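The block underneath contains the structure these notes are about, expressed in structure tokens.
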Amino acid sequence: MKRIFSGIKPTGHLTLGNYLGAMRRWVEVDQHRSGSLFSVVDLHALTIEHDPARVRRLSRQAATLLLAAGLDPELCTLFVQSHVDEHARLSYILECTATDGELRRMIQYKEKSARARESGQSVRLSLLTYPALMAADILAYRTDEVPVGEDQTQHVELTRDLAVRFNQRYGHTFTVPRATHPPVAARVMDLQDPTSKMGKSHEAGAGIVYLLDEADVVRKKVMRAVTDSGRDVAYDREERPGVTNLLEIMAACTGRDPRELAGEYGSYGALKKDVADAVVEVLRPVRVRHAELAADPAYIDEVLRKGADRARGMARPTVDAAYRAIGLLPA
Ligand code: AMP
Ligand code: TRP
């Protein structure tokens with residue numbers, strides 16, 4: 001059995017990037033392999049300025065959307081990170097395994113801390129230590145595979161390093177995990193700025209397709225996507241980032257090859273129209289199901305409660321083993 005774990009932060013409304021880069025594969029592939037866990041990682045949403053009521057709302061919405069997208073609680077374990085104490089318990093142990101230099105080298109830390117400083121905000125210590133918590137999320141379940149978008153590669157690499165280091169120092173405790181990515185759309189770019197990632201916590205929404213956007217809003221955003229100065233439709237990430245992003249989105253939505261698709265279009269306008277249709281079709285069932293599920297919050301609570309119970313049972317023995325291995329007296 002391969003253990004699979006992945007998570008999603010409730011820092012904003014979920015986007016097409018989350019869906020194509022991660023969620024869709026969790027639904028279509030990962031949950032059908034036994035022993036998969038998916039978590040709304042709410043503790044990670046506290047590393048930047050946040051509004052408590054909004055985090056609560058977004059956590060519930062993320063769980064509802066994961067179910068709406070097709071996660072089946074009979075097949076996988078879906079839970080909220082903060083409901084399982086083992087994550088925070090293990091995170092401290094991994095902070096004692098990681099080095100300050102290692103955490104300061106994380107690209108996401110460098111970018112986000114720079115952005116916070118520019119806008120005059122203080123940088124929370126948890127923004128620096130966040131990869132230790134993410135490593136704890138993964139290692140607590142002896143995870144083999146972590147299905148994520150490309151932006152998480154560095155964090156999963158660090159998790160591997162920490163697992164290897166801990167095992168060498170204190171005896172074999174953790175499984176060394178690896179990241180897996182979707183074949184296309186592992187990094188969906190912002191439609192208005194195709195050189196930066198489509199990220200849910202970005203301020204401007206015009207380049208971001210949210211999973212709950214109405215069909216006409218999706219169409220408008222896609223039709224207004226920034227394209228490149230050339231005129232022919234070519235697949236080239238460096239020279240044609242805008243068109244390439246659209247081709248990747250289209251490929252991911254239709255299961256086609258992006259290079260092959262490029263050959264079928266003579267103009268940007270025709271491509272955009274088809275991309276808009278493809279995205280609307282992919283999101284339609286998710287939106288419909290979300291509306292049904294959102295009307296039954298008791299069901300969501302029940303799924304999350306059962307999920308947390310199950311997750312706790314899985315994480316506990318590994319975290320206890322790590323506590324003993326590192327030299328803490330058993331309680
Ligand atoms: P986050 O929204 O940062 O919690 O990310 C949740 C999952 O979605 C992670 O596996 C990310 O790698 C993935 N993800 C987020 N944004 C994108 C994007 N623009 N393209 C591809 N994957 C993404
Ligand atoms: N850091 C991830 C992100 O920003 C979210 C996350 C937290 C995660 N813990 C995880 C992803 C564990 C995979 C496994 O997208």
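The values are calculated or read from the model by the stated rules, or taken from the named source; none is laboratory data. None of the values given here were measured: they were computed from a predicted structure. All Cβ positions, glycine included, derive from the backbone under ideal geometry; neighbour counts span all protein chains shown.
Close contacts from region 22-34, counting a first residue that is of a type in the set (K, R) and a second that is within 15 Å of ligand 2 (Cβ to nearest atom) and not in a helix (DSSP H, G or I), with Cβ to Cβ under 7 Å and a gap of 6+ residues or different chains, come to R25/P147; R25/P182; R33/K2; R33/I4. For G205, are the conditions met, namely being outside the structural domain of K9 (by TED's automatic domain parsing) and either within 13 Å of ligand 2 (Cβ to nearest atom) or touching a strand residue (DSSP E or B) at 6+ places or on another chain (Cβ under 6 Å) (or both)? Considered against the rule, which asks whether it is outside the structural domain of K9 (by TED's automatic domain parsing) and either within 13 Å of ligand 2 (Cβ to nearest atom) or touching a strand residue (DSSP E or B) at 6+ places or on another chain (Cβ under 6 Å) (or both), G205 comes out as no. There is at least one residue in region 7-28 that is buried (at least 24 other Cβ atoms within 10 Å of the Cβ), within 15 Å of ligand 2 (Cβ to nearest atom) and of a type in the set (K, R). For region 277-308, a tally of residues being free of Cβ contacts under 8 Å to residues at least 40 places away in the same chain and under 30 Å from R165 (Cα atoms) returns 0. Only one of the listed residues (D151, D144, D161) is of a type in the set (D, E) and closer than 21 Å to P258 by Cα. That residue is D151. In the condition set (1) under 23 Å from D213 (Cβ atoms); (2) more than 14 Å from ligand 2 (Cβ to nearest atom); (3) not basic (K, R), F38 is compliant with all but (2).
For region 58-172, the helices (runs of 4 or more DSSP H) that sit wholly inside it and include 3 or more residues that are under 24 Å from P183 (Cα atoms) and in contact with a strand residue (DSSP E or B) (Cβ under 8 Å, 6 or more places away or on another chain) are 153-170.
Which one is farthest from ligand 1 (Cβ to nearest atom), of the residues in region 1-36 that are outside any loop (DSSP other than H, G, I, E, B) and in contact with a Lys or Arg (Cβ under 8 Å, 6 or more places away or on another chain)? In this case the residue turns out to be S36. Restricting region 134-152 to residues that are within 18 Å of K110 (Cβ to Cβ) and surrounded by fewer than 24 Cβ atoms within 10 Å (Cβ to Cβ), the residue that is farthest from ligand 2 (Cβ to nearest atom) is E150.
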